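Worksheet for the structure shown next.
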Amino acid sequence: MLPSKIPARSRQVRSYDLITPDGRTYRFPPPTLLQRLLRWAVGHAETMAISAAILALIYVAGFVAEAFDQSVFDACNDQVGMRGVGYAFG
């Protein structure tokens, strides 16, 4: 009697992980340099994105500070100058 289904061809194993009893994991074949760099980059992607966003905000804040009219800062300097002369507030 013929089998009702033709057995599916088994897939070739391209890589496998060996986990030792003490918890170490070994990958065979070992990952290439490009694979290790990509895995490192994916692991640190969130930190790099947050750092880039903070640096961008600092950079934009510098442009905004330069765009302000200098009279705003002159008023602050006048206030500081009055305190030095001896004017009493209150």
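The values are calculated or read from the model by the stated rules, or taken from the named source; none is laboratory data. All of these numbers come straight from a predicted model, not from anything done at the bench. As a convention, Cβ positions derive from the backbone with ideal geometry for all residues, glycine included, and neighbour counts pool all protein chains shown.
Matching residues to (1) out of contact with any Lys or Arg (no Cβ under 9 Å at 6 or more places or on another chain); (2) at pLDDT 95 or above; (3) surrounded by 10 or more Cβ atoms within 10 Å (Cβ to Cβ):
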{"position": "Pro7", "(1), (2), (3)": "yes, no, no"}
{"position": "Arg11", "(1), (2), (3)": "yes, no, no"}
{"position": "Leu18", "(1), (2), (3)": "no, no, no"}
{"position": "Tyr26", "(1), (2), (3)": "yes, no, yes"}
{"position": "Pro29", "(1), (2), (3)": "no, no, no"}
{"position": "Leu33", "(1), (2), (3)": "yes, yes, no"}
{"position": "Arg36", "(1), (2), (3)": "yes, no, yes"}
{"position": "Ala41", "(1), (2), (3)": "yes, no, yes"}
Could you give me the residue pairs with C-beta distances under 9 Å whose first residue belongs to the stretch 42-56 and is free of Cβ contacts under 8 Å to residues at least 40 places away in the same chain, whose second residue is assigned to a helix (DSSP H, G or I) wherever it lies, and which are 6+ apart or on separate chains?
-> Met48/Ala41
Output yes when any residue across the stretch 48-59 is more than 30 Å from Arg14 (Cα to Cα), of a type in the set (Phe, Trp, Tyr) and at pLDDT 90 or above, and no when none is.
-> yes
